[in-house]
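**Q** Okay, handing you the structure first.
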Amino acid sequence: MSGLRLPAAVRLVEVGPRDGLQNEAATVPTETKAQWIGMLADAGVCEIEATSFVAPARVPQLADAENLMALLPTRAGVRYAALVPNEQGLARARHAALETVAVFTAASESFTRHNIGCSIDESLARFDPVVRESRRRGLRVRAYVSTVIGCPYEGAIPPARVREVCARLLELGVDEISLGDTIGVGTPARTQALLRAVGEIVPVERIAVHFHDTYGTALANICAALDYGVTIVDSATGGLGGCPYAPGARGNVATEDVVYLLEGSGVKTGVDLPRLLDAVDFIAAVLGHAPRSRTAQVPRGRLWWPPERTTPGS
């Protein structure tokens with residue numbers, strides 16, 4: 001990637017167990033989820049969003065949040081996160097071994113109303129006490145801002161509107177803001193325009209990017225974000241994910257594709273690709289459908305890994 005300014009390392013945030021499984025029709029057994037998450041940790045994935053403490057009736061696939069958190073393996077250097085949308089969710093999560101609490105809003109009023117049944121203002125009011133109590137407990141707080149480039153109901157989202165939402169999140173006291181291209185319409189030019197606007201108020205080290213891959217541009221958008229200075233990237237094993245309120249949107253950018261791209265470009269992720277692919281194969285078999293990533297489709301004997309290999313499979 002000649003000409004791009006690349007960081008020495010990137011922090012990957014694996015969102016498959018939450019953002020991925022909540023969009024699957026099948027409900028995965030709790031013990032199976034814990035096994036999969038353990039495989040991700042063993043592969044070197046150090047930050048894993050494991051579940052969501054939303055109302056079980058709304059997301060039945062994640063209704064086992066308390067039981068799952070109790071089963072997760074302890075690994076040195078591995079941090080577990082969970083989505084906690086309101087005070088009720090925080091009460092459920094009080095005994096969970098969490099280091100990071102995530103909250104969720106959007107830059108589109110229409111999407112916010114379709115997705116969580118309230119306005120942007122109301123969403124911020126709901127998780128204001130979650131942020132305050134989480135910080136009191138010594139937990140990190142990550143905020144997701146969805147539809148940062150385009151919305152299925154409102155069309156293109158002006159970067160200035162995203163900046164306004166981010167400013168309010170900073171006022172609430174969040175530690176990190178993940179910018180989500182929920183419907184996957186981003187391009188490198190749109191990505192950098194967004195980052196220039198948000199970067200006027202949010203330090204770049206506190207910005208994460210979260211790309212869906214509807215048009216196959218997610219990896220290019222990540223490169224554009226890295227060139228801007230971003231070093232936190234969300235991804236999902238096997239390209240899992242999507243959104244029921246974003247018709248036509250594809251899943252998240254696949255963790256294995258991101259690892260191959262970055263490690264092959266000299267950017268450290270700390271992830272062992274063959275072991276990660278074992279986790280990809282495991283959850284694909286459980287879900288009954290093939291992973292969406294390119295890397296997972298490469299025969300293991302032909303895999304170019306580690307990146308410095310001159311002969312595939314050597």
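Readers should treat all values here as calculations from the given coordinates under stated rules, not as data from a laboratory. As the structure is a prediction and not an experimental result, all values here were calculated from the model. All Cβ positions, even for glycine, are placed from backbone atoms using ideal geometry, and neighbour counts span all protein chains on display.
**Q** Using θ = phi - 60° and the Karplus relation 6.51 cos²θ - 1.76 cosθ + 1.60, list the HN-Hα couplings for the stretch 78-88 in order, rounded to whole Hz, with x at every Gly or Pro.
**A** For the stretch 78-88, the Karplus-derived couplings read 9, 10, 9, 10, 8, 6, 10, x, 7, 5, 5 Hz, x marking Gly and Pro.
**Q** Which ³J(HN,Hα) values in Hz, rounded to whole numbers, follow from the phi angles of the stretch 109-115 under the Karplus curve 6.51 cos²θ - 1.76 cosθ + 1.60, where θ = phi - 60° and Gly and Pro get x?
**A** Listing the rounded values in order: 4, 5, 5, 4, 5, 5, 7 Hz.
**Q** Here's something else I'd like to know. For Val13, what residues show an amide H to amide H distance below 5 Å, using hydrogens built from the backbone and excluding near sequence neighbours?
**A** Val233, Asp234, Ser235
**Q** For Thr295, what charge total do you get from the other residues with a beta carbon under 9 Å from its beta carbon, if Lys and Arg give +1 and Asp and Glu give -1?
**A** Local charge sum for Thr295: -1.
**Q** Continuing with the same structure: Counting pairs of alpha carbon atoms under 8 Å apart in space and at least six apart in sequence, what relative contact order in percent does the chain give?
**A** 20
**Q** Run the numbers for Ser110 and Ala25: contour at 0.36 nm per residue of separation, minus the present Cα-Cα distance, in nm.
**A** Numbers: separation 85, 0.36 × 85 = 30.60 nm, distance 2.48 nm.
Taking 0.36 nm per residue and subtracting the Cα distance, the gain is 28.1 nm.
**Q** Which semi-axis lengths, in whole Å and largest first, follow from the square roots of five times the eigenvalues of the Cα gyration tensor of the stretch 90-139?
**A** After diagonalising the Cα gyration tensor, the semi-axes are 24, 10, 9 Å.
**Q** Further, regarding this structure: Out of residues 5 or more away from Ala102 or on other chains, whose amide H comes under 5 Å of its own, with H placed 1.01 Å from N in the peptide plane?
**A** Ala82, Leu83, Val84, Arg142
**Q** Could you compute the FRET efficiency for Glu171 and Leu303, with r as their C-beta to C-beta distance and R0 at 41 Å, rounded to 0.05?
**A** Efficiency at R0 = 41 Å is approximately 0.30.
**Q** Still on this structure: Computed over the Cα atoms, what is the radius of gyration of the stretch 11-302 divided by 2.2 N^0.38 Å, N being its residue count?
**A** Here the Cα radius of gyration is 0.92 times the empirical estimate.
**Q** Separate question: For an R0 of 25 angstrom, estimate the FRET efficiency from the Cβ-Cβ distance between Asn67 and His289 and round to the nearest 0.05. Don't skip to the end; give the middle numbers.
**A** Details: r = 25 Å, r/R0 = 1.01.
That pair, Asn67 with His289, gives E of 0.50.
**Q** Also: Give, as a single signed number, the net charge of other residues whose beta carbon lies under 13 Å from the beta carbon of Arg113, with Lys and Arg counted +1 and Asp and Glu -1.
**A** That sum, taken over residues with Cβ under 13 Å, equals -4.
**Q** Calculate, for Ala189 and Asp42, the FRET efficiency according to 1/(1 + (r/R0)^6) with r their C-beta to C-beta distance and R0 41 Å; round to the nearest 0.05.
**A** In this case the efficiency is close to 0.60.
**Q** Taking loop as defined by DSSP and a crowding limit of 13 other beta carbons within 10 Å, which trypsin sites (Lys or Arg not before Pro) in the stretch 1-72 fit?
**A** Arg5, Arg58
**Q** Among DSSP beta bridges lying fully in the stretch 11-302, give the percent that are antiparallel, nearest 5.
**A** Looking only at bridges with both residues in the stretch 11-302, the antiparallel portion is about 10 percent.
**Q** When 1/r is averaged over all different Cα pairs and the result inverted, which Kirkwood radius in Å belongs to the stretch 1-47? Let's see the in-between values first.
**A** Working: mean 1/r = 0.0774 Å⁻¹.
One over the average 1/r among Cα pairs gives 12.9 Å for the stretch 1-47.
**Q** Something else: Please list, by residue number, everything in the stretch 64-82 whose backbone N is under 15 Å from a paramagnetic label point 7 Å out along Cα→Cβ of His95.
**A** Under 15 Å, as judged by backbone N against the label point of His95, lie 64-72 of the stretch 64-82.
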